[in-house]
């Protein structure tokens, strides 16, 4: 006796609405301590349809930053990459900066100040971390200035781990005390290098990044993966306010330390 098994598969076509491409602004101005800070870049891309695997650059834009409403700093595009650079940026702690972008007949703006940051005091390593007690943990200690509202953005980059670890902190309960940025990674090994960066950030960026990282922890993706809700940054569309861009304009002083795993 023979049995013939048949299976049917229906092809389901998903009809997705095709919205106009949305501008994505990656405008992070980072002034690493003891560096000139003159070389800076801004990256413009377009939000692509859900199933597209490539990121389209936003080319041909006019990009500039105005410092204290007086000094204009022009950014010029490298080829057709959507990456706009300058070698003449003017860095000044607590100065006011306004970003201006003209793209595809529309003007986008954002304003921020260049936020200072304290030094990383030292790094402490624990080899018995994690739930199983076999992960390496790092604590990057810094001393928060007293009686000043401060916000911090920590980035830990390892040469053995592809995705960096990002965390934000405020000093609501640690004002004036020594506190630490925390990093744990099961794949760290002896002699691995970990670049630790502490960025001074504004309260608004802290709130923006806090939401992104919360969504990341709930859904298991990265902070730049598709999010369940749209998180708006500080950039606005002056031509058509309802067509707001994504991304953020941030200026930070940065303290950087490269640590070798013991």
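Quick rundown of the values:
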read-out: Which numbered condition residue 171 misses (of (1) more than 23 Å from the chain's Cα centre (by Cα); (2) buried (at least 16 other Cβ atoms within 10 Å of the Cβ)); value: (1)
read-out: Test: residue in segment 236-246 that is surrounded by fewer than 17 Cβ atoms within 10 Å (Cβ to Cβ), in a loop (DSSP other than H, G, I, E, B), modelled with pLDDT under 95 and on the phi > 0 side of the Ramachandran plot; value: no
read-out: Residue that is under 22 Å from residue 209 (Cβ atoms) and at pLDDT 95 or above, where the choices are 85, 72, 93; value: 93
read-out: Per-region count, segment 110-126, residues in contact (Cβ under 8 Å) with a residue 24 or more places away in the chain and not in a loop (DSSP other than H, G, I, E, B); value: 11
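The values are calculated or read from the model by the stated rules, or taken from the named source; none is laboratory data. Given the structure is predicted, the values throughout are model-derived calculations rather than measurements. Cβ sites come from the backbone with ideal geometry, for glycine too, and all protein chains shown count toward neighbours.
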